[in-house]
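The values are calculated or read from the model by the stated rules, or taken from the named source; none is laboratory data. Here the structure is a predicted model, which means the values were calculated and not measured. Here the Cβ is made from the backbone with ideal geometry for all residues, glycine too, and neighbour counts use every protein chain on show.
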Amino acid sequence: MLGVENLTVRYGAQPALEDASVRFVPGTFSAIIGPNGAGKSTLLKTLVGLTTPTTGEVVFTDGGSVQDDVAYVPQQQTLDWAFPVTVWDVAMMGRTGRVGWLRWPGRADREQVAEALRQTGVYDLRGRHIGALSGGQRQRVLLARMLARDARVLLLDEPLTGVDAGTQEQLMALLRAQAGEGRAVVMVTHDLEQARRWCDHLVLVNRRIIADGTPEEVYTPRNIEATFSSSHLGHTHAEA
Ligand SMILES: Nc1ncnc2c1ncn2[C@@H]1O[C@H](COP(=O)(O)OP(=O)(O)OP(=O)(O)O)[C@@H](O)[C@H]1O
């Protein structure tokens with residue numbers, strides 16, 4: 001289980017997340033949903049150790065370490081796509097932590113990378129420079145790198161941005177299958193309907209955890225209203 005207990009994260013005076021407690025368990029496909037600025041990315045970054053809690057803590061109870069067992073797919077626009085590497089190289093980066101610096105990737109690593117590229121539909125683009133990809137192709141390459149990690153927990157920040165509708169369904173099925181294999185899969189998304197159809201655990205966030213449970217439990221008019229009625233940006237302006 002990976003989760004946070006009584007987590008508060010402040011960047012400045014305003015908390016991005018306040019007293020948040022939530023757990024993500026193996027075999028479950030979770031969606032984190034909320035308006036812009038609600039603290040969704042902050043929650044993922046804190047889970048993976050890129051952001052430090054102001055108070056509260058990250059809990060990982062499955063043995064091993066967050067560094068070895070948690071794969072994280074950041075928002076695409078946060079990455080430098082001019083970096084001079086190929087699609088294959090990026091997917092192989094998913095193996096680097098496992099391969100270590102003192103040995104070359106072996107046959108098993110190459111097979112894992114090839115399989116990840118096939119699963120995400122970019123194997124034929126493997127020799128191409130990442131700067132020469134479309135937005136949807138870039139997103140698939142990030143997913144391939146994540147699959148190549150073979151991690152027990154998968155955290156994805158808006159992984160379907162810029163992906164066409166048909167491919168979104170394929171990739172959701174792929175993530176669902178990853179949960180079916182016993183991984184904990186956690187995705188930030190803005191698509192409520194898609195989350196309702198594919199995920200078995202939903203977390204509504206607006207600086208605080210508004211609701212946390214199955215789609216049936218979580219999707220009530222009251223919860224939706226509490227999550228979206230006033231965006232966090234709106235609060236900030238009102239308070240400024
Ligand atoms: N590094 C940072 N420094 C200062 N403030 C930050 C930083 N990162 C995020 N914030 C602020 O924290 C709040 C939550 O941001 P976060 O990125 O977690 O929201 P989000 O729910 O992922 O939003 P979006 O849907 O727009 O991606 C926002 O008000 C944001 O401006």
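A few points about this structure:
- Every pair of residues 6+ apart whose Cβ atoms lie under 6 Å, when the first sits in the stretch 44-69 and is under 17 Å from Val205 (Cβ atoms) while the second is of a type in the set (Phe, Trp, Tyr) and at pLDDT 90 or above: Val48/Tyr72
- Among the residues of the stretch 56-79, just one is more than 18 Å from the chain's Cα centre (by Cα) and either farther than 20 Å from Phe24 by Cβ or crowded, with 17+ Cβ neighbours inside 10 Å (or both), namely Gly56.
- Scanning the stretch 27-54 for residues that are more than 13 Å from the ligand (Cβ to nearest atom), part of a loop (DSSP other than H, G, I, E, B) and either touching a His at 6+ places or on another chain (Cβ under 7 Å) or at pLDDT 95 or above (or both) returns Gly27, Thr28, Pro53.
- Of the residues Asp109, Asp191, Asp150, the single one that is charged (D, E, K, R) and within 16 Å of the ligand (Cβ to nearest atom) is Asp191.
- Selection status of Leu17, within 11 Å of the ligand (Cβ to nearest atom), buried (at least 22 other Cβ atoms within 10 Å of the Cβ) and in a strand (DSSP E or B): yes
- Among the residues here, Val9 does not qualify as hydrophobic (A, V, I, L, M, F, W, C), more than 13 Å from the ligand (Cβ to nearest atom) and in contact with a helix residue (DSSP H, G or I) (Cβ under 9 Å, 6 or more places away or on another chain).
- Within the stretch 94-131, considering residues that are modelled with pLDDT of 90 or more and part of a loop (DSSP other than H, G, I, E, B), the one nearest to the chain's Cα centre (by Cα): Thr120
- When Gly136, Gly106, Gly162, Gly166 are checked against the criterion of being among the small types (Gly, Ala, Ser), on the phi < 0 side of the Ramachandran plot and touching a residue at least 24 places away in the same chain (Cβ under 8 Å), Gly136 stands alone in meeting it.
- Residue among Ala13, Ala91, Ala38, Ala20 that is free of Cβ contacts under 8 Å to residues at least 12 places away in the same chain and more than 15 Å from the chain's Cα centre (by Cα): Ala13
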